[in-house]
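So that we are looking at the same thing, I have put the structure below in structure tokens.
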Amino acid sequence: AQKITQTQPGMFVQEKEAVTLDCTYDTSDQSYGLFWYKQPSSGEMIFLIYQGSYDEQNATEGRYSLNFQKARKSANLVISASQLGDSAMYFCAILSYNTDKLIFGTGTRLQVFP
Amino acid sequence: NAGVTQTPKFQVLKTGQSMTLQCAQDMNHNSMYWYRQDPGMGLRLIYYSASEGTTDKGEVPNGYNVSRLNKREFSLRLESAAPSQTSVYFCASSDYSTGSGYNSPLHFGNGTRLTVT
């Protein structure tokens, strides 16, 4: 069974500051992947970053990094140097390598202010 | 390159009516998914198909049926629509089942906005 929990319904951050969006998960799989997606008000889903369960180093993609703590079952997204265009919904997701089942969390609405 | 194509884009149904949402991908992906997204909420998995000929229930399968017609097409059917099924429906596909390409996105369709009155 898989479960994804995002406990922050909304977050505010000032432009140019860093922000951390929380994500915890539960799974019975040994092998799995963790993803973060961004959904702006236009509605499309934008892939941000991926972390495999066996990856020892935290994933980074530009201003995005994934703080992966396997023992704590957490996969927090860190956005550095926030920009106004980062205002959007952010979703964490978990993929079972065994079944290909991929589920999403409930999301965090991030608002960046000047 | 069309990617994932969903039809229709919009649909209004009356309670009790049936309809089928169509989804097709042209990327030769093995895995396909149906999600629903209610206003201000996350995506909830309805059904998925890891390969042609297989389908599995997701988090919220009740009231829906699916068919993986071939590798390209994965349809979602509402047999007797209810107001609680008012939502935006997304189809998606991936190459994950090949065991490679995990560091790549799900490919989403543009969504079907369904209203049941």
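What distance in nm separates the two pseudo spin-label positions at A:TYR64 and A:PHE12, each 7 Å out from Cα along the beta-carbon direction?
So the two model labels end up 2.5 nm from each other.
Additional query: For chain B, give me the percentage of DSSP beta bridges that are antiparallel, rounded to the nearest 5 percent.
90
Hey, if you drop one equal point scatterer on each alpha-carbon of segment A:47-98 and run the Debye formula without solvent, what base-10 log of I(q)/I(0) do you get at q = 0.17, 0.24, 0.32 Å⁻¹?
Log10 I(q)/I(0), no solvent term: -0.56, -1.03, -1.51.
Is there a simple number for the mean count of other chain Cβ atoms within 10 Å of the Cβ of residues in A:80-92, and what is it?
Partner Cβ neighbours, averaged per residue: 1.
If you don't mind, there's one more thing I want to ask. Picking from B:PRO105, B:PRO39, B:PRO61, which is most flexible by a Gaussian network model of chain B using Cα springs under 10 Å?
B:PRO39
Can you figure out the FRET efficiency of B:GLN17 with A:SER42, using R₀ = 30 Å and their beta-carbon distance, to the nearest 0.05?
0.50
Too long at a 30 Å Cα-Cα cut-off: which of A:LYS101/B:LYS9; A:LYS38/B:LYS57; A:LYS16/B:LYS9; A:LYS16/A:LYS101?
A:LYS16/B:LYS9; A:LYS16/A:LYS101
Over the alpha-carbon set of chain B, work out the extent along each principal axis and list the three values in angstrom, largest first.
Largest first, chain B extends 43, 28, 27 Å along its Cα principal axes.
Using +1 on the beta carbon of Lys and Arg, -1 on that of Asp and Glu, and nothing else charged, what's the dipole of segment A:2-114 about the Cα centre, debye to 20? Before the final figure, lay out each step's value.
Values: 9 positive and 11 negative charges, 41 e Å.
Computed about the Cα centre, the dipole is about 200 debye.
Contact order normalised by length for chain B, with contacts defined as Cα pairs under 8 Å and 6 or more residues apart; what percent is it?
It comes to 35 percent, rounded to a whole number.
Starting from the Cα of B:ASN110, step 7 Å toward the Cβ, then list every residue of segment A:23-57 with an amide N under 20 Å from that point.
Under 20 Å, as judged by backbone N against the label point of B:ASN110, lie A:39-47 of segment A:23-57.
Determine, for each peptide in A:96-108, A:54-66, B:17-29, A:23-35, the mean count of other beta carbons within 10 angstrom over its residues, then list the peptides with the highest first.
Answer by packing, highest mean first, reads A:96-108, A:23-35, B:17-29, A:54-66.
Still on this model: For Cα pairs less than 8 Å apart in space and 6+ apart in sequence, what is the mean separation divided by the residue count of chain A, i.e. the relative contact order in percent?
Value for chain A: 37 percent.
Right, something else. Given a 1.4 Å probe and no ligands, DNA or RNA in the count, how much accessible surface is buried by A and B, both sides, to the nearest 100 Å²?
So the total buried area for this chain pair works out to about 1700 Å².
Convex hull over the alpha-carbon atoms of the protein assembly as shown: what's its volume per residue in Å³?
With only Cα atoms used, the protein assembly as shown gives 121 Å³ per residue.
While we're looking at this one, here's another question. Debye calculation, C-alpha points only, no solvent: report log10 I(q)/I(0) for segment A:15-114 at q = 0.15, 0.20, 0.25 Å⁻¹, in the same order as the q values.
Log-scaled intensity ratios, in q order: -0.58, -0.98, -1.42.
Here's another thing I want to ask about it. Short version: ³J(HN,Hα) in whole Hz for each residue of segment B:105-117, in order, from phi by Karplus 6.51 cos²θ - 1.76 cosθ + 1.60 (θ = phi - 60°), x for Gly and Pro, what are they?
The phi angles translate into x, 5, 9, 9, x, 7, x, 10, 8, 10, 10, 10, 9 Hz.
Something else: If one puts a single equal scatterer on every Cα of segment B:23-67 and applies the Debye formula without solvent, what log₁₀ I(q)/I(0) results at q = 0.18, 0.27, 0.30, 0.31 Å⁻¹?
-0.56, -1.01, -1.12, -1.15
Follow-up question, since we're still on this one. Determine the shielding of peptide B:103-111 by partner chains: average, over its residues, the number of Cβ atoms on other chains within 10 angstrom of each Cβ. Before the final figure, lay out each step's value.
Numbers: counts 10, 3, 7, 8, 2, 7, 0, 2, 3.
Whole-number average of other-chain Cβ neighbours for B:103-111 is 5.
The values are calculated or read from the model by the stated rules, or taken from the named source; none is laboratory data. Small disclaimer: the values here were computed from a predicted structure and weren't measured. Counting neighbours? That spans all protein chains shown, and the Cβs are built from the backbone with ideal geometry, glycine included. Please note that ligands, DNA and RNA were not included when accessible areas were found on the heavy atoms of the full protein model with its side chains. Shrake-Rupley method; radii C 1.70, N 1.55, O 1.52, S 1.80 Å.
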